[in-house]
Structures are given as C-alpha cells and as structure tokens.
Ligand code: M1P
C-alpha cells in the first residue's frame, strides 16, 4: 500500500528561488537542502529542464524529490522521468501551424528597440512566444521588460490571441500566460502549474506552494489558489528565504 507522507513544499523558480533566468544563490541552495532534511521538496516551472538546470544546477534532478519543468507536463520523481505530454499531439499540426503563423505575423509588425532570434520556442507542454526573441542579452531582456511595463506589449498581444483563438472565433482551447520577463506561454486549459498536482496530491498530507506571480493572470495564480495547496506569495528570493526560515524553523 502506498504511504502518505507528511509534507511537500513546491517552489516556482524565477522570482521565487532566483531572479528571472539567473542562477539561484548558494545560500538559497543550502537552505533548500536543510529544508529537505525535514520535508520533501519540489519545483514547478514554466521553463524547460535545460533552463531549470542552468538556474538550480546540473544536479537538480537529484537535489529535489520532484522536478516539474513545463508546468509538470514533463515530470521527474527521485531523478527519474515519470511522464511527458505533447502539445503537438494534443492540438494537431494544422491548427498548430495556424497559431504559430498568426504569432509570427503579429510579431513581425512590432517595432522594438532590438529583435534577435527564436521568437517561438516549441516545448513538450507549451509554446513560448517571445517578441524580442529568446536569444536577447540580459541587458536587452531588461530593456524589453521595462518597455513592456510601460506599453503593455504582451498584454495587448494576449488580447489579440484571445480574439483570434478564443471562444468567439477559432477556439483552440489554449490559455495564454504572461509568466516571465519577455515572453508569453500558450498551453491547453488546465495545463498550468496545477497539472503537476496529479503526481503528488495522494502522496502527501500537506502541499505548500511558494510563488511570486500569484495574482490573477500570473502563472502561479492557479496552483497558489488551488484547494489542494497551501499557497505562499513571495516578493522575491530573499522573501522566500525569510518565510521558509519562519515557517519551518530553519
Ligand atoms: O518564469 C517562468 C518563465 O520563464 C521564462 O520567461 P521569460 O523568458 O519571459 O523571462 C520562460 O521560460 C517562460 O516559459 C516561463 O514561464
């Protein structure tokens, strides 16, 4: 019979364990390993495993009990892959291409301070759409982030996507989330961070979740507000440390 353990603590990565797309600090990594002596720990990120590994270290699959890249559409437990979904199979090639073509056409009309490469990144469980291109430097990433705050470039893009691919027109059943600093994630409804809970909900008595984008519309909102989790909103990685120390007596 499977044993129900006491506590799992799940973390978002960007803005929660590290600043956006940066490596987590050694003090954070040490604190997490101290926490792991008391409870099980896991991460759930919109990013894929290669980006998560850059931020949390190449050994991250062994340093967390659960690693859920791409919102858990790719799932690892104790270092082993347990499941992987495919958005391409789910949507179908024809619709997928209409969606990608629309995004590329929309982005071709945007005028930004810089544009570089990889405007669409295709992952297993989501499509990442990036107006300045994923290969921009950190400096250009920051300047796009500032411009986006001022001009709401991504919000307007999401509105256009919702009009074109929402219930009023060709409903692809997709959700659009503004997760990080420079891009938009598109994934089927329900394939948000709550998706990972199916792997852990019966295994633990309490599941805590720590995230920084917990307001409605943020990519941590659904899992933070879910009844199966105890949600903790943080301002930044330092706030995560402070809250962990207080809550788990570290
Ligand atoms: O914070 C999670 C997000 O991290 C990246 O976002 P950006 O490059 O816009 O900062 C992406 O990997 C995105 O998919 C992910 O949700």
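Some notes on this structure:
- Residue match in the stretch 85-105 (condition: under 25 Å from residue 223 (Cα atoms), out of contact with any strand residue (DSSP E or B) (no Cβ under 6 Å at 6 or more places or on another chain) and part of a strand (DSSP E or B)): no
- When residues of the stretch 174-212 are limited to those that are surrounded by fewer than 16 Cβ atoms within 10 Å (Cβ to Cβ) and modelled with pLDDT of 95 or more, the one nearest to the ligand (Cβ to nearest atom): 198
- Within the stretch 50-70, considering residues that are within 22 Å of residue 223 (Cα to Cα) and away from the ligand (no atom under 16 Å from the Cβ), the one surrounded by the fewest Cβ atoms within 10 Å (Cβ to Cβ): 61
- Counting only residues that are part of a helix (DSSP H, G or I) and surrounded by 22 or more Cβ atoms within 10 Å (Cβ to Cβ), the stretch 1-49 holds 1 of them.
- Of all positions in the stretch 24-39, none carries a residue that is within 18 Å of residue 213 (Cα to Cα), in contact (Cβ under 8 Å) with a residue 24 or more places away in the chain and under 14 Å from the mean Cα position of the chain (by Cα).
- In the stretch 102-117, the residue that is farthest from the ligand (Cβ to nearest atom) out of those that are closer than 23 Å to residue 70 by Cβ and loosely packed, with under 13 Cβ neighbours inside 10 Å is 104.
- So residue 55, is it in contact (Cβ under 8 Å) with a residue 40 or more places away in the chain and over 25 Å from residue 228 (Cα atoms): yes
- Among the residues of the stretch 129-173, the ones that are under 19 Å from residue 96 (Cβ atoms), out of contact with any strand residue (DSSP E or B) (no Cβ under 9 Å at 6 or more places or on another chain) and within 12 Å of the ligand (Cβ to nearest atom) come to 0 in all.
The values are calculated or read from the model by the stated rules, or taken from the named source; none is laboratory data. A quick note: this is a predicted structure, and the numbers were derived from the prediction, not measured. We place every Cβ from the backbone using ideal geometry, glycine too, and count neighbours over all the protein chains shown.
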